[in-house]
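Working notes for the structure below.
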Amino acid sequence: MKFRSNIKENNVTDEKIFINRRRILKGLGLFTASSVASGIAISRAQSWFEQQPKMPSNLHAPTSLKFFNSTIYSPNLELTPENKVTGYNNFYEFGWDKADPARLSQNFKSDPWKVEIDGEINQAMTLDLDDIFNKFDLEERIYRFRCVEAWSMVIPWIGFPLSALLKMVDPTNNAKYVAFQTLYDPEQFPNQGKKFSGNFSFPYIEGLRIDEAMHPLTFVAVGLYGNKLLPQNGAPIRLVVPWKYGFKSIKSIVNIRLTENEPPTTWNISAPNEYGFYANVNPNVSHPRWSQASERIIGSEGLFGAKRQDTLLFNGYPEVAELYKNMNLHKYY
Ligand code: MTE
């Protein structure tokens with residue numbers, strides 16, 4: 001039987017934003033029981049927010065990329081509008097609100113950049129930006145993207161299969177997993193300098209089993225919608241694993257390590273009963289606090305809210321099912 005929650009799916013995000021707002025108000029000294037009761041705190045805070053200068057949506061000029069169109073991965077799906085892909089983000093290093101990454105990443109420097117690849121490999125390698133953009137044939141792939149918060153997008157990514165990179169470094173026989181790490185730089189990422197309750201910490205880390213990492217669908221993105229990635233989407237280089245919940249698709253990667261043992265991952269450390277290592281999109285395995293049976297389509301918002309659609313097993317990529325053929329997907333969520 002499915003777990004029923006009193007939090008509605010489409011309230012998940014809103015609730016997080018609400019909690020965050022409350023934290024901000026508290027920080028400003030505007031959130032007290034009596035002042036809230038009188039409504040004063042809310043209106044003062046609102047006017048404080050309104051007085052803040054409106055930031056231009058993005059100071060990073062679009063830089064176009066040369067790429068070929070994938071013949072296999074170009075499904076006839078309606079794309080999510082570009083301004084939603086670059087304006088509704090999860091990148092907690094910048095902040096908890098969906099608008100924070102675009103707003104707070106305007107001075108983010110992704111040049112120069114280095115990605116170190118090490119661990120269980122025969123050819124240790126460090127990629128710089130020139131390598132990242134020129135060593136691989138860049139292709140555009142249109143993928144469904146499904147967040148664990150039960151919203152979804154369709155994004156035209158530009159990049160290359162992770163397998164192309166892994167073959168170059170020649171994994172040893174001991175390489176069973178691939179671990180990824182995001183840049184740690186509290187001067188650029190305002191949230192990295194802060195302490196959080198529970199076990200949530202930075203740098204953000206993620207991981208895949210080696211056969212997942214080598215699967216042809218597993219993609220390293222360096223661009224979207226024809227241009228280089230903007231900071232809010234994980235510039236200059238990020239992972240995209242379209243059959244898994246979005247939190248596996250780690251952004252702004254600086255280290256890729258091949259390991260013998262399953263690597264720890266940020267959300268699993270933070271809430272192991274809610275976020276597993278596998279995180280395969282699955283309508284039949286609920287999050288403990290909400291159902292995953294359907295999803296909100298970002299960009300379809302109208303007068304009566306956003307449209308919803310049924311969630312597909314493996315996010316509509318049945319070709320990965322063989323990776324999990326002997327696994328209990330309820331246990332390995
Ligand atoms: N990578 C890092 N380093 N930090 C993050 O907070 N958020 C993850 C993932 N990668 C995250 C991250 C989550 S929860 C999602 S849903 C996707 O990035 C969102 O990607 P997008 O903002 O490009 O849509």
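Say whether the condition of being touching a helix residue (DSSP H, G or I) at 6+ places or on another chain (Cβ under 8 Å), outside any helix (DSSP H, G or I), farther than 17 Å from Gly246 by Cβ and of a type in the set (A, V, I, L, M, F, W, C) is met by at least one residue in region 91-102. No; the residues of region 91-102 include none that is touching a helix residue (DSSP H, G or I) at 6+ places or on another chain (Cβ under 8 Å), outside any helix (DSSP H, G or I), farther than 17 Å from Gly246 by Cβ and of a type in the set (A, V, I, L, M, F, W, C). Exactly one residue out of Gly234, Gly193, Gly198, Gly223 is surrounded by fewer than 22 Cβ atoms within 10 Å (Cβ to Cβ), farther than 14 Å from Ile256 by Cα, in contact (Cβ under 8 Å) with a residue 40 or more places away in the chain and not basic (Lys, Arg): that is Gly198. Applying the condition of being surrounded by fewer than 22 Cβ atoms within 10 Å (Cβ to Cβ) and among the hydroxyl-bearing types (Ser, Thr, Tyr) to region 140-172 and asking which residue is farthest from Asn83 (Cα to Cα) yields Thr172. When the test is whether a residue is more than 10 Å from the ligand (Cβ to nearest atom), of a type outside the set (Ser, Thr, Tyr) and at negative phi, Arg209 passes it.
Annotation note: of Glu212, Glu206, Glu149, the sole residue that is among the acidic types (Asp, Glu), assigned to a strand (DSSP E or B) and in contact (Cβ under 8 Å) with a residue 12 or more places away in the chain is Glu206.
Residues are listed down the side, and each one gets a yes or a no for (1) closer than 28 Å to Phe196 by Cα; (2) more than 22 Å from the chain's Cα centre (by Cα); (3) modelled with pLDDT of 95 or more:
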site: Gln51; (1), (2), (3): no, yes, no
site: Pro62; (1), (2), (3): no, no, no
site: Phe67; (1), (2), (3): no, yes, yes
site: Tyr73; (1), (2), (3): no, no, yes
site: Leu77; (1), (2), (3): no, no, yes
site: Pro81; (1), (2), (3): no, no, yes
site: Asn90; (1), (2), (3): yes, no, yes
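When restricted to residues that are within 16 Å of the ligand (Cβ to nearest atom) and more than 18 Å from Ala221 (Cβ to Cβ), region 117-156 contains 4.
Before we move on, is Pro283 modelled with pLDDT of 95 or more and either in a helix (DSSP H, G or I) or more than 15 Å from the ligand (Cβ to nearest atom) (or both)? Yes; evaluated as a whole, the condition is true for this residue.
Considering only residues that are of a type outside the set (Lys, Arg), part of a loop (DSSP other than H, G, I, E, B) and under 20 Å from the mean Cα position of the chain (by Cα), which ones fall in region 108-142? Across region 108-142, the qualifying residues are Phe108, Ser110, Trp113. Phe196 meets each of the listed conditions (1) at pLDDT 95 or above; (2) within 13 Å of the ligand (Cβ to nearest atom) apart from (1).
The values are calculated or read from the model by the stated rules, or taken from the named source; none is laboratory data. For clarity, every value in this text was computed on a predicted model and none was experimentally measured. Methodologically, a virtual Cβ is constructed for each residue, glycine included, from the backbone with ideal geometry; neighbour enumeration extends over all protein chains shown.
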